[in-house]
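K.L.:
Take a look at the following structure, please.
Bear in mind that the values in this text are calculations on the coordinates, not laboratory data. The structure displayed is predicted, hence computed values, not measured ones. In this analysis, Cβ positions are derived from the backbone assuming ideal geometry, glycine residues included, and neighbour counts consider all displayed protein chains.
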Amino acid sequence: MYRYILCVGICAIIWIVNGRWIIQAIREQVTSEIYMHLGLSIFFTLLTLELTLGTFKLWRQLDIPWLTVVGLLLYVPSGYLVASSLYALKHKGKPKTTDFTASTTLVDTGIYSLVRQPMTLGMAIWSIALILVFQAIIAVILGVISLFCFWMSAREESEYDIRKFGNAYKEYMQNVPMWNILKGLRQR
């Protein structure tokens, strides 16, 4: 019984915290943030469900070892993409508030010279990793929904950044792909 209470409690906290960000994004009409925090809510709900209830085999999991290994290996690039984008935004984006993702300068160096949206790409890869590690229907459903939310966030963020940075961002878009890191590496 405590597992269910723990799961519900953690999920409630996830949705309350992200819900506040979603409400703020709705007020400010920043669609990319709405998708980002919906994706994060679903992503962390999946993680919570699997870690609190799924480990007790309350639903069917495939347990194919090589898929688990591939999923675990995907944590490395996803973690790198998220961490390096956060670092670049904090140190090169010159934020004026405590929200270091609200950069005032167009960041086009480091990981941002390879892909325009490394944070959402990292979260999308992590969603795929969770699907492969947990191998359950609920993981596939929630993972695909969170992946879609991160993709929509990346697309909407480009529109927001065009309004924010103007022609400089349009030029940046022509030179750096949104998520295709291999193309970004070839263009370097």
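K.L.:
Give the distance, in whole Å, between the Cα centre of region 41-92 and the Cα centre of region 135-188.
P.N.:
Cα centres, region 41-92 to region 135-188: 19 Å.
K.L.:
OK, next. For the peptides 77-83, 168-174, 131-137, 115-121, what is the packing order when you average, over each peptide's residues, the other Cβ atoms within 10 Å and list the highest mean first?
P.N.:
Highest-to-lowest ranking by the protection proxy: 115-121, 131-137, 77-83, 168-174.
K.L.:
Among rounded, prolate and oblate, which fits region 69-188 when a ≥ b ≥ c are the square roots of the eigenvalues of its C-alpha gyration tensor, a/c under 1.5 means rounded, and a/b larger than b/c means prolate?
P.N.:
Prolate, because a/c is 1.5 or more and a/b exceeds b/c.
K.L.:
Let me ask something else. What does the charge count around residue 84 come to, taking other residues whose C-beta lies under 13 Å from its C-beta (Lys +1, Arg +1, Asp -1, Glu -1)?
P.N.:
+2
K.L.:
Right, something else. So if R0 is 45 Å, what FRET efficiency would residue 163 and residue 57 give, r being the distance between their Cβ atoms, rounded to the nearest 0.05?
P.N.:
Between residue 163 and residue 57 the formula returns 0.40.
K.L.:
Short version: ³J(HN,Hα) in whole Hz for each residue of region 75-88, in order, from phi by Karplus 6.51 cos²θ - 1.76 cosθ + 1.60 (θ = phi - 60°), x for Gly and Pro, what are they?
P.N.:
Working through the residues one at a time gives 4, 5, x, 5, x, 5, 4, 5, 5, 5, 6, 4, 4, 5 Hz.
K.L.:
Mind counting lysine pairs for me in region 2-187? Cα separation below 27 Å, and the two need to be 8 or more apart along the chain or on different chains.
P.N.:
12
K.L.:
Still on this structure, please answer the following. Label region 1-133 by shape, choosing from rounded, prolate and oblate, from the square roots a ≥ b ≥ c of the eigenvalues of the Cα gyration tensor; if a/c is under 1.5 it is rounded, and otherwise prolate applies when a/b is larger than b/c, oblate when it is not.
P.N.:
Judged from the Cα gyration tensor, region 1-133 comes out oblate (a/c at least 1.5, b/c at or above a/b).
K.L.:
Given the peptides 149-162, 34-47, arrange them by the average over their residues of other C-beta atoms within 10 Å, most packed first.
P.N.:
34-47, 149-162
K.L.:
Can you work out ³J(HN,Hα) from phi for every residue in region 127-140, in order, using Karplus 6.51 cos²θ - 1.76 cosθ + 1.60 and θ = phi - 60°, giving whole Hz and x for Gly and Pro?
P.N.:
After applying 6.51 cos²θ - 1.76 cosθ + 1.60, I find 4, 5, 4, 5, 4, 5, 6, 7, 6, 10, 4, 4, 5, 5 Hz.
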